[in-house]
1. Once the piece of chain linking Phe53 and Lys67 is laid out straight, how much longer is it, given 0.36 nm per residue of separation minus the C-alpha distance between them?
2. Taking the Cα centre of the stretch 43-195 as origin and charging only Cβ (+1 Lys, Arg; -1 Asp, Glu), how large is the dipole, in debye to the nearest 20?
3. Need the list of lysines near Lys73 for cross-linking: C-alpha distance under 22 angstrom, and skip anything on the same chain fewer than eight residues off.
4. Which order results if Arg33, Arg113 are arranged by neighbouring Cβ count within 10 Å, fewest first?
5. In nm, to one decimal, how far is the Leu170 label point from the Trp189 one, both placed 7 Å along Cα→Cβ?
6. As I understand it, the value is the acute angle between the Cα axis of helix 2-31 and the longest principal axis of the Cα atoms of the chain; what does it come to in degrees, rounded to 10?
7. Roughly speaking, what is the stretch gain from Asp22 to Thr90, that is 0.36 nm per residue apart minus the C-alpha to C-alpha distance, in nm to one decimal?
8. Can you give the FRET efficiency to the nearest 0.05 for Ala145 and Arg42, using r as the Cβ-Cβ distance and R₀ = 30 Å?
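Please treat every number below as a calculation from the coordinates, not as lab data. This is a predicted model, so every value here is computed, not measured. No Cβ is skipped: glycine too gets one built from the backbone with ideal geometry, and neighbour counts run over all protein chains shown.
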Amino acid sequence: MRKILLLLLLFPVHTGYSQNFDINLLRDINHNRNKNLDGFFRGETNSASPVAFGTPVVLFGVGLLKKDAAMEKNALYIGASVVTSSAIATIMKYSVKRTRPFVTYPDIEKITRGGSYSFPSGHTSDAFSLATSVALAYPKWYVFAPAFVWAGTVGYSRMDLGVHYPTDVLMGAITGAGSAYLCYKVQHWLIKKQRR
């Protein structure tokens, strides 16, 4: 009980510090960005949804052509992970309703589209859901290393381009990775139940 009271008392102080850290870090990233890389980071940002949702579809198609049941199952798991992550991120966005940083702070330069609410980053959530689910389905370094580099670059691009706070990106990564892990556990539970 004492710990809960202490947390409640410290929450306003922590929240104020976190908000300052959040905007200061975003300003540092956005204001000091290499403008020659704006096109690259726009491309990374724009790749998030097509790659995240397209990968399981392509994987499932290849599995069907090869008659590879394991690949089909992995594709379904990866697809379920991305859809779950996207749904959770959308629910959180419309529950929290955090405005975009470029709206609250006019000095933040917006370089790409930023539509609905800010928290969490849906692009980052999609990217980390795909990276984590692919890493769990195919635990080889040459699969998961590029997947996480891509996901990390997508997350960074959202700050570089001025459309998300660092905490939006962090929560997007946690949401994506957590959804992938949850779907992985559910899939294994269902497989065990089916064998019985």
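1. 2.9 nm
2. 640 debye
3. Straight-line reach from Lys73, under 22 Å: Lys140, Lys185, Lys192, Lys193.
4. On the way: Arg33 17, Arg113 10.
With the fewest neighbours first, Arg33, Arg113 line up as Arg113, Arg33.
5. Rounded to a tenth, the inter-label distance reads 2.9 nm.
6. For helix 2-31, the angle is close to 90 degrees.
7. 22.4 nm
8. Computed FRET efficiency for Ala145 and Arg42: 0.80.
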